[in-house]
Every structure is written in structure tokens, then in C-alpha cells.
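First comes the structure, then the notes that go with it.
The values are calculated or read from the model by the stated rules, or taken from the named source; none is laboratory data. Keep in mind that what you see is a predicted model, and the values were worked out from it rather than measured. Note: ideal-geometry Cβ built from the backbone for every residue, glycine included; neighbour counts use all protein chains shown.
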Amino acid sequence: MRIIRFFDTPDGGSRFEEVDITFPQSFTDEYNNTYHLTKSFSAANAVIAELPHGLDQDWHVAPNRQIVIVLSGVLEVQTTEGEKRQWSAGGVFMADDPRGKGHQTRVIEGPARLLFLRVADDFRVQEWRA
């Protein structure tokens, strides 16, 4: 599974990267169905937010390192490099820019309902994808 992560850069900007999440763990249920799981990770807490249609946030940082799942609506994020990405229902991304100039956020179709899974400061994306 490929998700997009945006993160802060050493020069104070932000950029996107594609992250391939693997499913290395198998689990077989009592009906003999086999599921494939990612490596587990701890979420410090979770919150569901509803962002109104037309929301247009200027430059800001993510308040926490967080994995975001779009439940409904369409959300657009722009990095300091000028690149834009959009996510709709079922889309997953990681907001990982708690420092620097941050990113811009717009709700293209809304309201947008988002599930934020806030991860610990020591969460390592490299270990999650391996």
C-alpha cells in the first residue's frame, strides 16, 4: 500500500514523499481467512474532525505527527515546494511537519471528516514500511 507523507525539510520547508507500507504479518481467523497486517504501531490518541466545505488554511504545521484517514469529503494539501495532493474517502496520508513553515490545507468537497491517529515522537516511518 502506498501512502503520501509530507514532512519538514532542514531548510524550514515541506515536501511530499511516497511511502510503501508493507503487510509482513499474516493472521488466520477462526474461519480460515488469512489477513495481512502491517507492523503494529501505537497511537498516542485519536480524534475525528469535521472540516467545513471551503476551509482554506494558510501556512501551518501539523500539531502532532499523525496518520490521517479521510472518511468523507476531499482534502488538498500543498507543500512549500508548490506541489499539491488531494485525498478523498479512504485516502491515507501522514502529516509529519511539526516544525518549519508547514503546509497549506483546503477542503475541496466537504465537509471533510478526518480520523487523526497521533503517533509518538519516536515513531519511525522507516520501520513501519519495512
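Quick notes
- Subset of the stretch 14-36 (residues that are at pLDDT 95 or above, assigned to a loop (DSSP other than H, G, I, E, B) and under 13 Å from ILE3 (Cα atoms)): none
- With respect to (1) farther than 17 Å from GLN104 by Cβ; (2) without any contact (Cβ under 8 Å) to a residue 60 or more places away in the chain, the lone exception for ALA62 is condition (1).
- When LYS39 is tested against (1) surrounded by 12 or more Cβ atoms within 10 Å (Cβ to Cβ); (2) charged (D, E, K, R); (3) part of a strand (DSSP E or B), exactly one condition is not met: (3).
- Of the strands (runs of 3 or more DSSP E) that lie entirely inside the stretch 50-115, those containing 2 or more residues that are of a type outside the set (Gly, Ala, Ser) and more than 13 Å from the chain's Cα centre (by Cα) span 56-60, 66-78.
- Criterion (modelled with pLDDT under 95, surrounded by 15 or more Cβ atoms within 10 Å (Cβ to Cβ) and under 22 Å from MET1 (Cα atoms)) met by exactly one of VAL74, VAL68, VAL125: VAL125
Condition check ((1) touching a residue at least 40 places away in the same chain (Cβ under 8 Å); (2) over 13 Å from ASP96 (Cα atoms)) across all residues:
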site	(1), (2)
GLU17	no, no
THR34	no, yes
LYS39	yes, yes
LEU51	yes, yes
GLU76	no, yes
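- Comparison of ARG106, ARG85 shows that the only residue that is over 16 Å from GLU50 (Cβ atoms), touching a strand residue (DSSP E or B) at 6+ places or on another chain (Cβ under 6 Å) and of a type outside the set (A, V, I, L, M, F, W, C) is ARG85.
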